[in-house]
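Everything on this sheet refers to the single structure shown next.
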Amino acid sequence: MKTSQHLQFVQPTDPVSLRALLKEVEEIFDVQVTALSTLYKVSEAAVRLTLGGANRPKQLAQVCYEYAVEGKWPVQGHDNDADWLDLSAFVRTGRIFVEHYGAAPPKMLEKVLVMGGVRASLDSDRPDIEGVPAVLEGLYSEFLTLIEIAIMAQMSEKSVRNATLPTAQDRLITSKQGTRTVVETSEALRWLSGRRSFNPTEVV
């Protein structure tokens with residue numbers, strides 16, 4: 001089963017908002033500037049000039065957030081494979097800063113990347129959605145795990161697991177893949193669409 005490399009860091013119930021996401025981008029960028037300034041013994045102003053400021057990663061974060069969290073797919077589709085790859089690289093850099101510079105972890109960015117991959121699986125059979133970035137196509141799966149469903153529903157994994165019980169009012173139907181409990185994407189989409197915290201993808 002293919003899942004995002006960032007999944008291990010994501011907590012399903014952690015809130016995510018665009019405003020806080022962009023603030024996280026700025027914080028990572030500031031640490032990046034300080035680290036490069038120290039490494040190459042140049043001024044922080046010179047590093048900022050070379051990198052071109054935080055506008056690029058903030059733009060990437062917003063594009064990814066609108067699809068992954070809000071479920072907004074532009075009618076012209078995405079021709080921005082590089083955007084998702086660049087954001088993923090930026091987030092991995094942020095995780096390195098956590099280990100070496102004591103920076104705050106990029107939790108929200110990691111969650112957005114995971115949600116983008118899960119949503120791509122949910123949308124993979126829709127004929128009105130074309131041009132999904134290749135980095136997300138690589139995350140396609142016919143099945144979702146309960147943790148992935150919990151992330152999209154903004155619920156605890158325990159709550160999602162309770163929804164799989166035969167006595168649940170709106171039961172989430174599962175199957176087994178070896179020792180793993182999984183859900184077909186069509187069933188996951190049906191169940192998620194009934195959750196207030198989930199936005200089904202719409203072409204805008």
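Among the residues of the range 1-56, write down those that are among the aliphatic types (A, V, I, L, M), part of a loop (DSSP other than H, G, I, E, B), modelled with pLDDT of 85 or more and over 13 Å from the mean Cα position of the chain (by Cα).
Taking the range 1-56 first, the residues among the aliphatic types (A, V, I, L, M) are 1, 7, 10, 16, 18, 20-22, 25, 28, 31, 33, 35-36, 39, 42, 45-47, 49, 51, 54.
Subset that is part of a loop (DSSP other than H, G, I, E, B): 1, 10, 16, 42, 54.
When the remaining residues are screened for being modelled with pLDDT of 85 or more, the result is 10, 16, 42, 54.
Matches in the range 1-56: V42, A54.
Go through the range 57-84 and give me each residue that's among the small types (G, A, S) and either at pLDDT 85 or above or not in a loop (DSSP other than H, G, I, E, B) (or both).
Step one: list which residues in the range 57-84 are among the small types (G, A, S), which gives 61, 68, 71, 77, 82.
Within the range 57-84, A61, A68, G71, A82 meet the criteria.
Please go through the range 181-200 and give me each residue that is hydrophobic (A, V, I, L, M, F, W, C) and not in a strand (DSSP E or B), ordered by number. Give the derivation first.
Step one: of the range 181-200, the residues hydrophobic (A, V, I, L, M, F, W, C) are 182-183, 188-189, 191-192, 198.
Matches in the range 181-200: A188, L189, W191, L192, F198.
Looking at (1) on the phi < 0 side of the Ramachandran plot; (2) over 18 Å from the mean Cα position of the chain (by Cα); (3) not polar (S, T, N, Q), which is the only condition K111 fails?
So the condition that K111 fails would be (2).
Using the structure shown, decide if R92 is over 30 Å from L36 (Cβ atoms) and among the basic types (K, R). Working first, answer last.
Details: over 30 Å from L36 (Cβ atoms): no; among the basic types (K, R): yes.
Judged against the criteria, R92 is not a match.
Does any residue in the range 151-167 that is under 14 Å from L192 (Cα atoms) come within less than 7 Å, Cβ to Cβ, of a residue that is outside any helix (DSSP H, G or I) and among the polar types (S, T, N, Q) six or more places away or on a different chain, and which pairs are these?
Correct list of pairs: A153/S197; Q154/T13; Q154/S197; M155/T13; S156/T13; T164/T174.
Sort through V91, V118, V114 and tell me the only one that's touching a residue at least 24 places away in the same chain (Cβ under 8 Å), assigned to a helix (DSSP H, G or I) and touching a Pro at 6+ places or on another chain (Cβ under 7 Å). Break it down into steps so the answer makes sense when it comes.
On the way: V118 fails: touching a Pro at 6+ places or on another chain (Cβ under 7 Å); V114 fails: touching a Pro at 6+ places or on another chain (Cβ under 7 Å).
From the options V91, V118, V114, the qualifying one is V91.
Name the pairs whose Cβ atoms lie under 6 Å apart, with the first residue in the range 121-133 and modelled with pLDDT of 85 or more, the second surrounded by 13 or more Cβ atoms within 10 Å (Cβ to Cβ) and small (G, A, S), and 6 or more positions between them or separate chains?
S121/S141
Hey, can you tell me all the residues within the range 166-180 that are in a loop (DSSP other than H, G, I, E, B) and surrounded by 10 or more Cβ atoms within 10 Å (Cβ to Cβ)?
From the range 166-180, those in a loop (DSSP other than H, G, I, E, B) are 166-174, 178-179; that's our starting set.
Answer for the range 166-180, where residues must be in a loop (DSSP other than H, G, I, E, B) and surrounded by 10 or more Cβ atoms within 10 Å (Cβ to Cβ): A168, R171, L172, I173, T174.
Being of a type in the set (A, V, I, L, M) and closer than 20 Å to N55 by Cβ is the filter here; which residues of the range 90-102 pass it? Break it down stepwise before answering.
Our first condition is that a residue be of a type in the set (A, V, I, L, M); within the range 90-102, this holds for 91, 96, 98.
Correct list: V91 only.
Give the number of residues within the range 153-204 that are more than 18 Å from F143 (Cα to Cα) and over 18 Å from the mean Cα position of the chain (by Cα).
Selection size over the range 153-204: 14.
Starting from residues that are touching a Lys or Arg at 6+ places or on another chain (Cβ under 9 Å) and among the hydrophobic types (A, V, I, L, M, F, W, C), keep the ones in the range 188-204 and report whichever is nearest to L165 (Cα to Cα).
Going residue by residue through the range 188-204, those that are touching a Lys or Arg at 6+ places or on another chain (Cβ under 9 Å) are 191, 199, 201-204.
Subsequent filtering for residues that are among the hydrophobic types (A, V, I, L, M, F, W, C) retains 191, 203-204.
On the way: W191: 14, V203: 34, V204: 36 Å.
The selected residue is W191.
For the condition more than 30 Å from T38 (Cβ to Cβ) and either modelled with pLDDT of 90 or more or not in a helix (DSSP H, G or I) (or both), what is the one hit in M108, M155? Lay out the reasoning, then the answer.
Numbers: M108 fails: more than 30 Å from T38 (Cβ to Cβ).
Just one listed residue meets the conditions, M155.
The values are calculated or read from the model by the stated rules, or taken from the named source; none is laboratory data. Computed from a predicted model, the values in this text were never measured in an experiment. We place every Cβ from the backbone using ideal geometry, glycine too, and count neighbours over all the protein chains shown.
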